[in-house]
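Report on the structure given below.
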Amino acid sequence: MPADEPAQHVLDVRDLTVAYGGVAAVDHVCLHVRRGEVLALLGPSGSGKSTLLSAVAGFRPPTTGEVWLQGRRVADPGRAEPPERRDVAVVFQSYALWPHLSALDTVAYPIRRRGARRRPAREEALEILDRLRIAHLADRRPAELSGGEQQRVGLARALARQASLYLFDEPTAHLDTHVRGVFLDELVVRREASGAGGLYATHDAEEALGLADRVALLNAGRLVQLGTPEQVYAEPVDIWAAGLTGPASVVRAAVVAAHGGRCSVVVQGHRVTVEGTAATPGRDTVPLLVRPGWARLGGELTGRLRAARFRGPHSDHLVETSMGEVLIREPGPPRHAVGDDVPWTLSRIWPLQETAAPGGVAGPFLSRAQSRGRSDSRPR
Amino acid sequence: MQARSTDLGRRAAVLAVGTVIFLLVVLPVFRLGYVVWTEGSTQLDEVLGRPGLGEAVLNTVLLAVAVTVTAVPLGTLVALGLRRADVPGRGWWRFAMLLPVLVPQFVLGYSWTQAYGRAGFTDTILGLVWPSVLGPWGVWAVLVVNTVPLTYLFVAVGLATRAEPNLERAARASGGDPASVLRHVTLPLLRPSIAAASVLSFVLTMESFAIPQVMGTPAGFTTVTTTIYRDLSLGSDPLSFVEALTLALLLVALTVLVVIPADLWLGPRLRVTRVANPEGAPIVTPRGAAGRWIAAGLGGYLLLGVVLPLIALVTAAITPAVGVSPSPGNWTLDNFRFVVNARNAEALGRSALLAFAAAGLLTVLGGAVAVLERRRAGRVMASLVTVTLVLPGSTLAVALLITYGRWIGGTLTLILLAYLAKLWAFAHRPISGALDRLAAGEMQAARASGAKALTAVRTVALRPLAPALLGAWLICFVTALHEVTMSSLLYGPDSDTLAVVVLNSKELGRIGATAALSVLLTLVMLLPALPLWVLIRRLQSPRHPRAGGARSLAHAR
């Protein structure tokens, strides 16, 4: 059976809208999670990620649309199954650990609710805590645990649920490598049995791109783009998506020809051939995305260095060019003084849809570098 | 240099407030113990052998147990029910559930007798009489109606601060059905709040006076407080006086017996370290029949418990005499004309003066302790003030009487002192709670932005504290206006308050006049209370409820 058959999906969200007093927090969203897959919901706060998770978990009924889990409809506007009857486990934002229960009893809770007796439930819970390397904390209450330990208990409780869909509601701290490994291993194990998936809400692009098999971009409750991490990073649908998924320079130039994955861009009056594409080549300038790795210092083009910031393994250079400001990331410390003319090369572009937003450098990471660079006028 | 002078100022403040507490509470209670010890030791056997004394003590304890085991589960049910989003008119019910406390206790008790007693409202209209409304069952029922708002409030606050929605969502998402979540998560989280509500309900019932006096005494049902009142106001032999003193001491001993173990157990538990942030909204269920049933239940409860009795009271006030049909043709304002006279106007003036003075002073005193308790030296004071919350009014009145009675007995000053001692904790708790919620960083940020200490208080702290300060004032004002336990023991020829006038009018058996006075007293209280309450609500609500978009809207529910 091909992987995209609906029967292979652990979660199907069909045209889902969730409204609070007339305001749609989730607005006609369609998406699905396949078996063994982690889908990240990436969006700024207020974009509807948590609401979408609430509707999937059963904390909120949909206003319109349907939620299907494992090929079974669990929610539509007329009827919503309660959370305990859905095959989902939730890791909460601040973990929502019960202050009156020890770590062991917390993890044993879902096992007990499955009908296990106290003793076997505790044994199973201890085994899960052991996998997360916190078996020695079994008797502690949440108040006696550090943030990272609380996160592990929260995840252990979710794992104990043995659900086919794991929901992560923006965990406050990133999952560390070990915790992430345990979770992904669990998905692999469960995939061989019945199949399980994850839905991970976050506002952090780096975490979403690094963790997920596919990423869904949400803005104001709407699904903006859905694709692999590589796709949403390299081929964002618009300027907003480009800024959300990583450092992005948005410049303007004319793409005069495109063929077989390469295209010609007019920069400083020259035609430069780079990797990229264009829907309709022509003489008009269009907004183009340049990721930090798609341009480098040295070469036939020249620009003026507006700001340079040392970032440890690499340095960020903000170069003012005839196309606009371009962020170039180079290994090592900055090699040029701010204000110098520097040579540079463009190697790749991605045409963006024309939007009302003006061109320039987008993305939180970059605007910080930019503003710092501008105020930083002292000579190096 | 400046640090030393503020330190000195703080010490002076601690000393001053400490002296006031000592003079108002500690000294009188010790004096009471001393007098009972010296004068009572010879007559103690005689006193303890008096008929009816053991019965009064037993009645008091049984009543306290009966009210607690009814009012606490009821209050918990109401709090849990009102948390469901599908109850129609939820915001209104939350307000309405607190209404019974706005009605003075003896007015509520008297209204019940007018509603359900012989020749009462239901008797006249439907022929339904409930003779035992006078006696233990009636006292129990009205005390429950009067206590449920309190237990509801305790549990509702516990729900809001302890049972975060996400903790319950986590349990549901772990496979727990609603009943299991209630048992394993919600109720364990609420246990300290429920226990605190139980202790308070027990103690307040033990020291309640107005309702047992109005509904129990006519049927021969005595409690410790009504016996003290009888001994001091009617008894003329020295033995009665010693009995009153002994009972006053016994009452405080019984209270301490309950409060101290409870405080030892509860103290650490009520200070639970909070782990998660308050997040998430309760689980939303589609509108169903359950919400309507809850609303109907609350409506029935309020109708029978408060509304119908108050209608009966108003009817009695506008009916010329007992036995006259309460039909519109017979309505008259004669009862009001009868009670609106110079004497009662003076009493009203005294009541208002006392209530205003007490509320103003108490807000200052409560605020002072709330500020000072943040330092080590002030903590003992805060504990002492909290103890006065459970110090029975009768005990306090008797203690103040024998300590200061020879100088200021029968004056308004003594009554004012009693109010200050008894209600200090009422003012202290809300202000202290508001100070706790004030983020420390906010004041520091103001100081770091160049504000002096007082400027920082005025510009940054006063606005978030305003609802608590106004609330403290309002609680003290309303309670002082209601107060009859201490006033009825302490008033003199020219210092009776309106509440005492109503009580005496009732003792004289003037039904129409008592009803008219009760209506007037309730109206006088509502006059400043309602606008202030609206103001407090407005101050509490966030300025721009819609600013945060859908997320904050969801949280607001």
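The values are calculated or read from the model by the stated rules, or taken from the named source; none is laboratory data. Computed from a predicted model, the values in this text were never measured in an experiment. A quick note on method: Cβ atoms are made from the backbone with ideal geometry, for glycine too, and the neighbour counts reach across all protein chains shown. Ligands, DNA and RNA are stripped out before the accessible areas are found, and what is left, the full protein with its side chains, is counted by its heavy atoms. Shrake-Rupley method; radii C 1.70, N 1.55, O 1.52, S 1.80 Å.
I'd like to verify a number: residues in region A:108-148 that are in a helix (DSSP H, G or I) and in contact (Cβ under 8 Å) with a residue 24 or more places away in the chain, how many?
Number of matching residues: 15.
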Of the conditions (1) surrounded by fewer than 13 Cβ atoms within 10 Å (Cβ to Cβ); (2) not basic (K, R); (3) not assigned by TED's automatic domain parsing to the domain that holds B:K422, B:L15 clears all except one; give me its number. (3)
Listed residues B:G135, B:G127, B:G117; which is away from chain A (no Cβ under 14 Å) and touching a residue at least 60 places away in the same chain (Cβ under 8 Å)? B:G135
Scan region B:400-435 for residues that are assigned to a helix (DSSP H, G or I) and of a type in the set (S, T, N, Q) and jot them down. B:T403, B:T413, B:S432
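Residues are listed down the side, and each one gets a yes or a no for (1) in contact (Cβ under 8 Å) with a residue 24 or more places away in the chain; (2) surrounded by fewer than 18 Cβ atoms within 10 Å (Cβ to Cβ); (3) under 30 Å from B:F477 (Cα atoms):
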position	(1), (2), (3)
B:E46	yes, yes, no
B:L53	yes, no, no
B:A56	yes, no, no
B:T68	yes, no, yes
B:V78	yes, no, yes
B:F95	no, yes, yes
B:L98	yes, yes, yes
Looking at B:G329, B:G410, B:G323, B:G349 in this structure, which one is farther than 30 Å from B:G9 by Cβ, touching a Leu at 6+ places or on another chain (Cβ under 8 Å) and surrounded by fewer than 18 Cβ atoms within 10 Å (Cβ to Cβ)? B:G410
The lone condition A:A108 fails out of (1) closer than 21 Å to A:G181 by Cα; (2) more than 9 Å from chain B (Cβ to nearest Cβ) is (1)
Say we look at region A:57-101 and pick out the residues that are hydroxyl-bearing (S, T, Y) and touching a strand residue (DSSP E or B) at 6+ places or on another chain (Cβ under 6 Å); which of these is nearest to B:V185 (Cα to Cα)? A:T63
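More than 30 Å from A:G43 (Cβ to Cβ) and either of a type outside the set (F, W, Y) or open to solvent by less than 10 Å² (accessible area, probe 1.4 Å) (or both): is that true of A:E275 in this structure?
no
Residues checked against (1) touching a helix residue (DSSP H, G or I) at 6+ places or on another chain (Cβ under 6 Å); (2) open to solvent by 30 Å² or more (accessible area, probe 1.4 Å); (3) not assigned by TED's automatic domain parsing to the domain that holds A:L39:
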{"residue": "A:D169", "(1), (2), (3)": "yes, no, no"}
{"residue": "A:T172", "(1), (2), (3)": "no, yes, no"}
{"residue": "A:L175", "(1), (2), (3)": "no, no, no"}
{"residue": "A:R180", "(1), (2), (3)": "no, yes, no"}
{"residue": "A:L184", "(1), (2), (3)": "no, yes, no"}
{"residue": "A:L187", "(1), (2), (3)": "no, no, no"}
{"residue": "A:R190", "(1), (2), (3)": "no, yes, no"}
{"residue": "A:G195", "(1), (2), (3)": "no, no, no"}
{"residue": "A:L199", "(1), (2), (3)": "no, no, no"}
Subset of region A:69-100 that is surrounded by fewer than 24 Cβ atoms within 10 Å (Cβ to Cβ) and charged (D, E, K, R) - its residue that is nearest to the other protein chains (Cβ to nearest Cβ): A:E84
I want to confirm something. Restricting to region B:131-164 and keeping residues that are surrounded by fewer than 18 Cβ atoms within 10 Å (Cβ to Cβ) and more than 20 Å from the chain's Cα centre (by Cα), which single residue is farthest from B:R118 (Cα to Cα)? B:T161
Filter region A:149-165 for residues that are more than 9 Å from chain B (Cβ to nearest Cβ), in a helix (DSSP H, G or I) and hydrophobic (A, V, I, L, M, F, W, C) and give the result. A:V153, A:L155, A:A156, A:L159
Hey, can you tell me all the residues within region B:507-518 that are surrounded by fewer than 24 Cβ atoms within 10 Å (Cβ to Cβ) and closer than 22 Å to B:S208 by Cα? B:E507, B:L508, B:G509
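Could you check region B:352-393 and list, in sequence order, the residues that are assigned to a loop (DSSP other than H, G, I, E, B) and either open to solvent by 30 Å² or more (accessible area, probe 1.4 Å) or farther than 27 Å from B:L245 by Cβ (or both)?
If the condition is that a residue be assigned to a loop (DSSP other than H, G, I, E, B) and either open to solvent by 30 Å² or more (accessible area, probe 1.4 Å) or farther than 27 Å from B:L245 by Cβ (or both), then B:E373, B:R374, B:R375 are the ones that fit.
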Pair list, Cβ < 8 Å and 6+ apart or interchain, from region B:438-457 residues that are farther than 20 Å from B:D7 by Cβ to residues that are hydroxyl-bearing (S, T, Y) and in a helix (DSSP H, G or I): B:A446/B:T455; B:A446/B:T459; B:A451/B:T459
Check whether at least one residue in region A:60-68 is hydrophobic (A, V, I, L, M, F, W, C) and within 8 Å of chain B (Cβ to nearest Cβ), and report yes or no. no
